[in-house]
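Please read the structure below before turning to the comments.
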Amino acid sequence: MNGNQEVFRRIEKKYIVDEPTYEKLIKKLDGHFVKDRYYKSTICNIYYDTPSHQLVRNSIEKPVYKEKLRVRSYGVPNDEDMVFVELKKKYKGVVYKRRIEMTLAQTRDFFAGKEVPHDNPQIENELKYFLKFYEGIAPAMYLSYDRLAYCGAEDPSLRLTFDTHILYREEQKELDKGIWGKELLPAGVRVMEIKIPNAMPLWLSAILDELEIYPASFSKYGTAYLNEFSEKIHKGKVISCA
């Protein structure tokens, strides 16, 4: 076994916070949260989709069930570095994530239909089924961001993250091509995410209410897709999104 967690089940709540609100919140949370062992990281992703962008368009419609596939690395990897192939599903507000770890070079073999040695064949079979079900699925967008991560001082399963410097691009959709692209949000704006196994602690709800921080329906990939789609319409490059 590689020692990394491969199966996740949790509730994820997203919020958009500006810099002044972030500073106030961090002071309020002192003593409740501690820095995660991977406190500071740059996360890079390749999102996969069909030629008609079926997955992201379905997600934007906010259905009861949605799913997505991505390959994730921490920093810019080379062929021998380990990355995660992740299948993420959301049903009635609960997120289920399953992932396997392999080298960047092995991901190319895996998506080409070749066998890749792994110790969790169940997850690998789920991924293979997903790839067969969505015909023509391929890399659709690169997306990266800088993350600060915290976990609960008394309950490590309670997690809090802040993402900034969110970049995206539709060209050179490979993790080893570097961290660059278009900025998704204005400077000073952070995407905050609270990840909990069940109900949110009352003390945390009270702090959010006091600072008037409310949940926001926000998808990085979805927002980036809409930005690109709008830009193409403006330039007259889109005929149909069907």
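The values are calculated or read from the model by the stated rules, or taken from the named source; none is laboratory data. Worth saying up front: this structure is predicted, and the values here are computed from it rather than measured. Using ideal geometry, Cβ is built from the backbone for each residue, glycine included, and neighbour counts are taken over all protein chains shown. Side chains included, ligands, DNA and RNA excluded: accessible areas come from the protein's heavy atoms. Shrake-Rupley method; radii C 1.70, N 1.55, O 1.52, S 1.80 Å.
What three numbers, in Å, describe the spread of the alpha carbons of the range 18-72 along their principal axes, ordered from the longest?
46, 23, 20
How many Å³ per residue does the convex hull of the Cα positions in the chain occupy?
Roughly 138 Å³ of hull volume per residue.
Take the solvent-accessible surface of the protein heavy atoms, probe 1.4 Å, and return the percent of it on the chain that carbon and sulfur atoms account for. Mind showing how you got there, number by number?
On the way: 6840 of 12970 Å².
For the chain, the apolar C and S fraction of the accessible surface comes to 53 percent.
Contour minus end-to-end for ASP176 and TYR96, with contour as 0.36 nm per residue of separation and end-to-end as the Cα-Cα distance?
Separation in residues times 0.36 nm, less the Cα-Cα distance, equals 26.1 nm.
Could you give the length gained on full extension between ARG9 and LEU202, defined as 0.36 nm per residue of separation minus the Cα-Cα distance, in nm?
That works out to 67.4 nm of additional length.
Exactly which chymotrypsin sites (Phe, Trp or Tyr not before Pro) in the range 130-184 are in a DSSP loop and have at most 11 other Cβ atoms within 10 Å? Kindly include the intermediate steps, with their values, before the conclusion.
Details: sites: PHE130, PHE133, TYR134, TYR142, TYR145, TYR150, PHE162, TYR168, TRP180; in loops: TYR134, TRP180.
Those satisfying the criteria are TRP180.
Along each principal axis of its Cα atoms, how long is the range 151-226 end to end? Whole angstroms, biggest number first, please.
Computed over the Cα atoms, the extents are 44, 25, 19 Å.
What's the ranking of 40-46, 57-63 by average number of surrounding C-beta atoms within 10 Å, highest first?
Numbers: 40-46: 18.0, 57-63: 14.1.
Per-residue Cβ counts within 10 Å, averaged per peptide and sorted highest first, yield 40-46, 57-63.
By how many nm would the segment from LYS35 to LYS235 grow when fully extended, if each residue of separation counts as 0.36 nm and the alpha-carbon distance is taken off?
Extra length from LYS35 to LYS235 when fully extended: 67.5 nm.
With N set to the residue count of the range 122-179, report its C-alpha Rg divided by 2.2 N^0.38 Å to two decimal places.
1.61
Given Cβ point charges of +1 (Lys, Arg) and -1 (Asp, Glu) and nothing else, what value in debye, to the nearest 20, does the dipole of the chain about its Cα centre take? Working shown, then result.
On the way: 39 positive and 36 negative charges, 123 e Å.
Roughly 600 debye for the chain.
To the nearest whole percent, what portion of all C-alpha pairs in the range 1-109 is separated by more than 24 angstrom?
42 percent
Let me know the shape class of the range 39-178, please: from the alpha-carbon gyration tensor, a ≥ b ≥ c as square roots of the eigenvalues, rounded when a/c is under 1.5, otherwise prolate if a/b is greater than b/c, or oblate.
rounded
Calculate, for the chain, the solvent-accessible area per residue in square angstrom, rolling a 1.4 angstrom probe over the heavy atoms of the protein chains.
54 Å²
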